[in-house]
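What follows is one structure encoded as structure tokens, with my remarks underneath.
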Amino acid sequence: MVQEDKEDKRESPLWVANGVVFILMFVAVCSYFLWQMHLVKESFRFHADRHADIVSKIVGLNAAATTEAKRSIESIIQNLLENSARFIAYLDMVEPFTSEELAAFTKESGLAGISIIRGCIGLEQEDSLEKNGKNFKPYLKHFADSNIYLLIWSADDYPDCIALGISDEKISSITKSLGLDNIIKEVATVQGIKRVKVDGAKIGVEVDSSELTQSIEQLKLHFYLFSFFLIVAGVILSFLLHRYQNATINRIKEFERQLASERENATLGKSAAAIAHEIRNPLNSLSMGLQRLILENGCQSEPHIKLIKQMSEAVKRANMSVTGLLNYARPRVAKVRLFEIETLTVDILNLYKKRCEDQKIEITLDIDYHDTIKSDPELMGQVIENIIKNSVEAQPDGGFISISITKNWFQNFDKNHLKLKSDVQYLVLRFKNAKCPVKPENSDKIFKPYFTTRPEGTGLGMAIVKNIVTALGGKITVAISESREIETSIYLPI
């Protein structure tokens, strides 16, 4: 009796558990619906904030442009009036002006008025003027009520002061056309913005919320439909579960066996596919942009074309990094051909030259081998760029990068220790830099997958480098000193 009761307890919870699962699923659907509502509102707020930010920047730039335009116009007016004042002073010193002559000269010059203040007596001084006798600094003043710009001018060799006025009618129309009212009217016509209001230093933006309301209504409709079908499915499946209990369990077991056989291969593929999706799209855009630069470049100068080609090569190498991550667990097939390792190294260094100058990193090149080698230039470019990039990133506050390319630069002990072939000549590339973030005792972990000292790093860079060097038939070693200087040596068969 006790054993039968235990068996009943094992069988009876199956359909109950199914009902509980569907209840939990319903709760999950409700939570998901509320979360989606939250995301929609947050997205709307985000876009509204961006609209407001864009509007504020537009208004700010327009205000700055208006101020600068007014300043430039006033500078031009002052220069014009000063030139006129000098000419009047010259004529006045030759023969003093009469009132009638000044009136005629004012009419011919198109000015609003000209006045010569003899001895500068009665002239109102301002803080901007030099108050040492009659030595004034010319200054320009705008009288908005009278729509007049007034210039007070004098010189060391001229005993009197000259006041010149010019109408600001045309200038005011230009300034008004550049004013905030016009830009606010234009911004208010943008789709999604209802009204823009400026109150002193504050800018108010009213955004159309019809899209938000429509999205919420659609989410509600989907929620009601999905909840209905979920409840119906839960009731039907709970009813059928007891009848098909054994068949369901067998199917689950078979499914678990299939998942177990695929889980190992899918673990690395998940992370690789995610990274490839996020990186390859911008890389493709860069590649297409560089191709358009080559096709549409008007100057067709050799340095520009060479630089664009070097950038294209850099994009290709970055794309190879993504491909290397996807193919990390699979054998690598090298596309061997003749190329100059010196040219490849210098081209990659040129890509980082500006950054090294900004970070005050001194680059030292010691190249004793200038001939070609037979290897894969794409893979070697990826190796060299990865090491140089790590060196630059490790020294944000200055340092050095030392690169040497030699032939058979090692003793017999090193050759035996590295298990290199005695009848093969090797090209040795050595990269040395300071401020290595890895401790000397952890130098053996550098080539292990997912080992990294940077939070944003993937830990696959040096692991891929080692795989590439191994695939090319070479060896790679790393040595870190107590002063945190790291030396990476690559032994590549020629």
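Every number in this text was worked out from the coordinates using simple rules, so none of it is lab data. On a predicted model such as this, the values are computed, not experimentally measured, just so you know. Neighbour counts are summed over all protein chains in view; Cβ atoms, including those assigned to glycine, are modelled from backbone coordinates with ideal geometry.
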Taking Cα pairs closer than 8 Å and at least 6 residues apart, the relative contact order of the range 331-493 in percent is 23 percent
So, over other residues within a Cβ distance under 10 Å of Ile403, counting Lys, Arg +1 and Asp, Glu -1, the net charge is +1
Residues meeting the amide H criterion for Tyr369 (H placed from the backbone, H to H distance under 5 Å, 5 or more places apart or on another chain) are Ile405
In units of 2.2 N^0.38 Å, the Cα radius of gyration of the range 346-391 is 1.28
Log10 I(q)/I(0) at q = 0.09, 0.14, 0.17, 0.19 Å⁻¹ for the range 338-494, from Debye over equal alpha-carbon scatterers, is -0.27, -0.69, -1.05, -1.32
